[in-house]
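The values are calculated or read from the model by the stated rules, or taken from the named source; none is laboratory data. The shown structure was predicted, so the numbers you read here are calculated from the model rather than taken from an experiment. Virtual Cβ from ideal backbone geometry, glycine too; neighbours counted across all protein chains shown.
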There are 2 protein chains.
Amino acid sequence: MIELAQKIRDHGTYLGNGILKVDGFLNHQIDAGLMHRAGQEFAKRFAATTPDIILTAEISGIAPAAMAGLAMDLPVVYARKHRPITMPENVFMSSAPSHTKGKIVQLMVSPEFLKADQRVLIIDDFLATGKTLNGLVDIVGQAQAELVGIGAVIEKSFEGGREMLSKLGIQIESLAIIDSLSEAGIEVRAG
Amino acid sequence: MIELAQKIRDHGTYLGNGILKVDGFLNHQIDAGLMHRAGQEFAKRFAATTPDIILTAEISGIAPAAMAGLAMDLPVVYARKHRPITMPENVFMSSAPSHTKGKIVQLMVSPEFLKADQRVLIIDDFLATGKTLNGLVDIVGQAQAELVGIGAVIEKSFEGGREMLSKLGIQIESLAIIDSLSEAGIEVRAG
């Protein structure tokens with residue numbers, strides 16, 4: 001997605017320690033039009049996988065996943081990281097280290113909204129180490145649902161996530177790919 | 001919004017203690033099409049207020065606010081409740097008690113994304129006691145921006161939030177209004 005790569009070039013900032021600041025359009029401030037077009041792009045790329053539901057993780061995954069859900073006419077479930085009192089006791093649960101929080105976060109999905117044999121498309125903001133995505137994959141497995149694809153808005157190609165997830169044998173798509181990230185600059189291309 | 005009132009009638013569950021469970025379409029699972037139509041409805045109702053930006057609070061406000069941003073072609077900023085490492089030290093900050101978390105949460109917005117004199121439309125999932133919305137109003141004031149309207153997906157008319165916020169003298173809209181909530185049932189009408 002050329003527009004997204006250009007947006008990262010223009011508005012992304014490298015903060016050191018592998019952290020890319022994209023809070024001007026993806027988290028904190030959302031460019032709703034860009035997220036809508038990203039959702040449409042996911043819809044096009046994953047149309048052949050015929051998912052029943054989209055799964056993401058709060059918080060930054062919600063906007064792109066909701067827009068993909070709109071484009072594909074599918075419900076969107078987001079894994080909660082803190083249990084609200086509206087959530088039942090027995091949930092599908094996994095955990096993943098958070099890059100931007102510096103700690104382990106839990107991912108929880110209510111069995112009400114993820115059923116056995118549903119075809120699940122995972123959409124999230126980043127594909128980097130793949131650990132958050134892997135937590136969602138684990139939850140799909142707990143539900144005995146069927147994973148049909150993984151889509152990320154931004155991929156960091158040098159953190160090994162794609163290699164790890166490619167063992168799953170499903171379609172993996174990212175809309176922009178960052179090949180290097182340093183004080184010298186951000187190398188990014190359309191994915 | 002008749003469709004939304006019907007959705008609450010069909011899928012809302014009263015959990016006791018004033019808590020309405022709407023995680024089948026608003027939080028946890030998102031009905032993206034319904035949220036899109038809610039966003040379009042906000043766009044229609046607030047068109048005359050000519051906002052520059054939409055402000056909401058993570059997490060449940062993100063989907064309806066993003067859809068309103070899409071319909072109005074506006075950027076959407078969501079107040080963070082936990083500081084990510086991408087956020088600067090000096091932020092606009094307020095606090096509000098969370099009904100579903102049972103504790104005080106902080107609301108933080110980076111000055112990068114909320115500027116003096118911007119016309120701000122606040123969109124959130126619930127208007128109940130009005131305390132979260134009031135926290136956002138406080139942040140708009142800290143930024144010396146101009147509040148032009150407040151929109152909520154669901155209002156609980158019996159918790160006093162509208163009375164408190166009406167002192168601000170701005171347009172307040174909700175798309176569905178719950179007039180009573182008890183074991184006997186949910187009384188809801190289109191707002």
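Observations on the model:
- Filtered residues of the range A:10-67 (kept if outside any helix (DSSP H, G or I), in contact (Cβ under 8 Å) with a residue 40 or more places away in the chain and polar (S, T, N, Q)): A:Asn27, A:Thr50, A:Thr56, A:Ser60
- Among the criteria (1) in contact with a helix residue (DSSP H, G or I) (Cβ under 9 Å, 6 or more places away or on another chain); (2) closer than 30 Å to B:Gly102 by Cα; (3) at the interface with chain A (Cβ under 7 Å from one of its Cβ atoms), the one B:Ala38 does not fulfil is (3).
- Residues in the range A:52-69 that are more than 24 Å from A:Gln142 (Cβ to Cβ) and facing another protein chain (nearest Cβ under 7 Å): A:Ala63 alone.
- Residue among A:Met72, A:Met93 that is at the interface with chain B (Cβ under 10 Å from one of its Cβ atoms) and of a type in the set (A, V, I, L, M): A:Met72
- Filter pass, A:Val22 being modelled with pLDDT of 95 or more, aliphatic (A, V, I, L, M) and over 22 Å from A:Gln118 (Cα atoms): yes
- Screening B:Tyr78 with (1) farther than 20 Å from B:Leu147 by Cα; (2) without any contact (Cβ under 8 Å) to a residue 24 or more places away in the chain; (3) outside any loop (DSSP other than H, G, I, E, B) gives one miss only, at (1).
- Among the residues of the range B:110-144, those that are under 14 Å from the mean Cα position of the chain (by Cα), surrounded by 19 or more Cβ atoms within 10 Å (Cβ to Cβ) and not in a helix (DSSP H, G or I) comprise B:Val120, B:Leu121, B:Ile122, B:Ile123, B:Asp124, B:Asp125, B:Phe126, B:Leu127, B:Ala128, B:Gly130.
- Total residues in the range A:145-191, condition at pLDDT 95 or above and either hydroxyl-bearing (Ser, Thr, Tyr) or in a helix (DSSP H, G or I) (or both): 9
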